[in-house]
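The values are calculated or read from the model by the stated rules, or taken from the named source; none is laboratory data. Computed from a prediction, not measured in an experiment: that's the story for all the values here. Cβ atoms come from the backbone with ideal geometry, glycine included; neighbour counts cover every protein chain shown. The area values use the complete protein model at the heavy-atom level, side chains included, leaving out ligands, DNA and RNA. Shrake-Rupley method; radii C 1.70, N 1.55, O 1.52, S 1.80 Å.
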Amino acid sequence: PNPSHNSVILLPALSPSPKVRGTHPDCSVVLHFQQQEAECLERIRSESQTPGQEGCPTEWDGVSCWPALPLGQSRAVACPDILHVFKKSKGLIQRNCTEWGWSLPSPPYHSACQLEPLGSNNGTEATARGTPGARSHFVTMKVLYTCGYSTSLAALLLAIGIFSCFRKLHCTRNSIHVHFFTSFILRGTAVFIKDSVLFSDESIDHCTMSTVTCKAAIAFFQYSVLANFYWLLVEGLYLQTLLLLTFTCDRSYTWGYVLIGWGVPMVTVGVWVLTRLQYDNHGCWDDYSSPYWWVIKAPILLAIFVNFLIFLNVTRMLAQKIRCPDLSKTHKQQYLRLTKSTLLLIPLFGVHYVVFALFPEHVGVDARLYFELVLGSYQGFLVALLYCFLNGEVQAEIRRSWGKWQRSMESNVFNLATQDFTA
């Protein structure tokens, strides 16, 4: 019997089943894998129509494509993306062309790619689900970013409540902060909606499902991400305006900021939806390897680039004003207080996005998911901390209101005691 037949029987258990893809937050790796499979099978069909040659024909073993080789030669391939996306291994697997056909992979996939052995305690369950360890990997990641987004949502709602309740905090600057907080709330909500729509049923392959509900969930998610970046841009623009106008709170700019923060993302997502409907209306629109993804990516990169220029300009202006001998110590403290939060957030939010935007979507998926889902889920909490909870003006207003409430309670207790004594 041909030894290669055994590998064909065993290896499909390692290929991505619908249940693995149903727990994968990003379809780019899976769709890249499917494209490789389709190309390999097409090559096999074309070779079957040509006269046979001595040696081993092209073979798809369920994980990798092995091109035709003459008898006696060997070939080595690296661990496919669908396997080493969960591990850091980039091991090599070799097969020889023998007189009986292709030999078994050496070393086996589970060994070269540092996967769980098929004979382990959890091997049967992991193999039945697809790539071993994939489910536990993404379940852990989901728990982490769910905690992060929940913490951020609670902090942001509390911050909005503080800015809304205290009248002395009502100004253009804090109004922009509230819009910025709202964009983070929308982003966290969109993540939870996306998870519930795409990943609630593990028997459904979310990379190939195509429903109005899942497309609407992805469109809402992309809108919230765009709004997030553009309200960060508004924060930068407003900070620059404050420095140029010497802390003049001009409400005439408010509607312009609203149009930039909410309007530009709405128009961009509208164009993207129409483009996908017209030219690429398949799947659930979460395929980031699609060329139409640049309709979303380009405006985000533009916002990051403009924010970076603002970052440089504000730093220059701040250095000039602080060195100015005519500037009082109070004004210097105001400049520092108003700029430190935004100057921290601009590079923090944009650097990782620019880095990953320069690589193909199927490269560095593990690292990108950790940055965007796990670490990114706590950005809302960081924003609320910088703009609200650590804000000296907010802290002073809370202390003032707390002292006023305490004096009111003491007065009420004194009045009650006086009434009891006179009675």
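When the residues of the range 245-260 are filtered to those that are open to solvent by 50 Å² or more (accessible area, probe 1.4 Å) and not hydrophobic (A, V, I, L, M, F, W, C), the one that is modelled with the highest pLDDT is Tyr253.
Per-residue answers, yes or no, for (1) modelled with pLDDT under 70; (2) open to solvent by less than 50 Å² (accessible area, probe 1.4 Å):
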{"site": "Lys340", "(1), (2)": "yes, no"}
{"site": "Val365", "(1), (2)": "yes, yes"}
{"site": "Leu375", "(1), (2)": "no, no"}
{"site": "Tyr378", "(1), (2)": "no, no"}
{"site": "Val383", "(1), (2)": "no, yes"}
{"site": "Ala396", "(1), (2)": "no, yes"}
{"site": "Gly403", "(1), (2)": "no, yes"}
{"site": "Arg407", "(1), (2)": "no, no"}
{"site": "Asn412", "(1), (2)": "yes, no"}
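I'd like to know if the range 81-96 contains one or more residues that are modelled with pLDDT under 75, more than 30 Å from Pro291 (Cβ to Cβ) and open to solvent by less than 40 Å² (accessible area, probe 1.4 Å). Yes, the range 81-96 contains at least one residue that is modelled with pLDDT under 75, more than 30 Å from Pro291 (Cβ to Cβ) and open to solvent by less than 40 Å² (accessible area, probe 1.4 Å). Residue selection: Tyr145 satisfies the criterion of being of a type in the set (Phe, Trp, Tyr) and modelled with pLDDT of 85 or more. Just to verify a result, which residue in the range 385-394, among those that are part of a helix (DSSP H, G or I) and of a type in the set (A, V, I, L, M), is least open to solvent (accessible area, probe 1.4 Å)? Top of the filtered list is Val394. Note on the range 293-311: among residues that are among the aromatic types (Phe, Trp, Tyr) and open to solvent by 70 Å² or more (accessible area, probe 1.4 Å), the one that is farthest from Phe180 (Cα to Cα) is Trp294.
Can you pull out the residues in the range 261-287 that are surrounded by fewer than 17 Cβ atoms within 10 Å (Cβ to Cβ) and under 19 Å from Arg187 (Cβ atoms)? Within the range 261-287, Gly263, Met266, Val267, Gly270 qualify. Where helices (runs of 4 or more DSSP H) sit wholly within the range 211-302, those with at least 1 residues that are among the aliphatic types (A, V, I, L, M) and without any contact (Cβ under 8 Å) to a residue 60 or more places away in the chain occupy 212-244, 264-279. Kindly indicate whether Gln333 is in a helix (DSSP H, G or I) and modelled with pLDDT of 85 or more. So Gln333 does not fit the description; no.
For the range 170-193, taking the residues that are farther than 13 Å from Ile160 by Cβ, without any contact (Cβ under 8 Å) to a residue 40 or more places away in the chain and in contact with a helix residue (DSSP H, G or I) (Cβ under 7 Å, 6 or more places away or on another chain), the one that is surrounded by the most Cβ atoms within 10 Å (Cβ to Cβ) is identified as Ala190.
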